[in-house]
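Below you'll find the structure, written out as structure tokens, and then a few comments.
The values are calculated or read from the model by the stated rules, or taken from the named source; none is laboratory data. In this text the structure is predicted, and so the values were computed from the model without any measurement. Heads up, the Cβs are rebuilt from the backbone with ideal geometry, glycines too, and the neighbour counts pull from every protein chain shown.
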Amino acid sequence: MPRLSEVIAALDALWPPSRAEQWDAVGTVCGDPDAEVTRVLFAVDPVREIADEAVTLGADLIVTHHPLYLRGTTTVGAGTPKGRVVHTLIKHDIALHVAHTNADTADPGVSDALAGALDLRVTGPLVPDPSDPAGRRGLGRLCELDHPETLREFTARCAAWLPPTAQGIRVAGDPDAPIRRVAVSGGSGDSLFEQVRAAGVDAFVTADLRHHPVSEAREQSPLALVDAAHWATEWPWCEQAAAQLDAISERNGWGLRTHVSRTVTDPWTAHAPSVTTPSLPGAPN
Ligand SMILES: [Zn+2]
């Protein structure tokens, strides 16, 4: 049975903390390095529901993509939502470890998992990491479809193969436009428009797209935009990461039990399609 420190060392080899963005807060949030680990739960968000799930499961370690505290704090009091998570974890001897931007740019990383979920063939990173001589690490991925399809069909593919959320899939573009090459980036992607346009792809799959960046991008090129729920674009990484740890556990004879949380922690909980109301813009007269 491995100690937490051994498991963390293996995770750090997959996603070296030194490769995280400067503003990020990755690594071990809580946990005793000498504690034994038997069960590991992977999830996107270190929220109360996930902490409670780990307790029910009897997990000794949670690995999440998002940090618990991104900025400094002066309290872990249980009267705060994040402090409550810390209390729950420590009371039940559960460690929490975060791999965020260091997992985004890894090989394989978050966007490889997203491409895999959509059955897209990855051809390389969207924004290559200059420190990788192999040219495989970096932010986002450029992908190809085996057979071109219309934006309408590609949207249906995203809706069917990403985990279901209240948001579903939002799209900007001509539904009949042919899609052959695609850029994908798990999580918030609207800072990447310039690189996506330069790559000359037909569509960009990401999350959290805002009015102005989308409006400007649509004015500049016929690039189709496919916006899924943030959680849905990153959840496939949990399965990929669990499989990576399974392989390490097998090599080392650790006998770890890994689990991937199916709890939807996307914060949006409902979506109402618009209803046509006479006298409002868009209504037939
Ligand atoms: Zn994210």
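Values computed for the structure shown
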{"read-out": "Scan of the range 164-195 for residues that are within 20 Å of residue 146 (Cα to Cα) and away from the ligand (no atom under 16 Å from the Cβ), ordered by number", "value": "175, 176, 177, 178, 179, 180, 181, 182, 183"}
{"read-out": "Residue 202 more than 16 Å from the ligand (Cβ to nearest atom), at negative phi and either modelled with pLDDT under 95 or assigned by TED's automatic domain parsing to the domain that holds residue 35 (or both)", "value": "no"}
{"read-out": "Restricting the range 257-285 to residues that are over 30 Å from residue 247 (Cα atoms) and touching a residue at least 40 places away in the same chain (Cβ under 8 Å), the residue that is surrounded by the most Cβ atoms within 10 Å (Cβ to Cβ)", "value": "268"}
{"read-out": "Every pair of residues 6+ apart whose Cβ atoms lie under 6 Å, when the first sits in the range 114-126 and is at negative phi while the second is small (Gly, Ala, Ser) and part of a strand (DSSP E or B)", "value": "114/186; 125/138; 126/140; 126/183"}
{"read-out": "Hey, residue 85 buried (at least 16 other Cβ atoms within 10 Å of the Cβ) and touching a Pro at 6+ places or on another chain (Cβ under 7 Å) or not", "value": "yes"}
{"read-out": "Unique match (being small (Gly, Ala, Ser), crowded, with 24+ Cβ neighbours inside 10 Å and closer than 30 Å to residue 134 by Cα) among 95, 54, 59, 43", "value": "43"}
{"read-out": "Residue 93 vs. criteria farther than 23 Å from residue 38 by Cα and acidic (Asp, Glu)", "value": "no"}
{"read-out": "Matching residues in the range 191-227 - criterion: being closer than 18 Å to residue 139 by Cα, in contact with a helix residue (DSSP H, G or I) (Cβ under 6 Å, 6 or more places away or on another chain) and touching a residue at least 60 places away in the same chain (Cβ under 8 Å)", "value": "226"}
{"read-out": "In the range 85-110, residue farthest from the ligand (Cβ to nearest atom) [restricted to those that are among the aliphatic types (A, V, I, L, M) and more than 22 Å from residue 73 (Cβ to Cβ)]", "value": "106"}
{"read-out": "Test result for residue 21, among the charged types (D, E, K, R), part of a helix (DSSP H, G or I), in contact (Cβ under 8 Å) with a residue 40 or more places away in the chain and outside the structural domain of residue 162 (by TED's automatic domain parsing)", "value": "no"}
{"read-out": "Options 141, 152, 197; residue that is touching a strand residue (DSSP E or B) at 6+ places or on another chain (Cβ under 8 Å), surrounded by 14 or more Cβ atoms within 10 Å (Cβ to Cβ) and among the basic types (Lys, Arg)", "value": "141"}
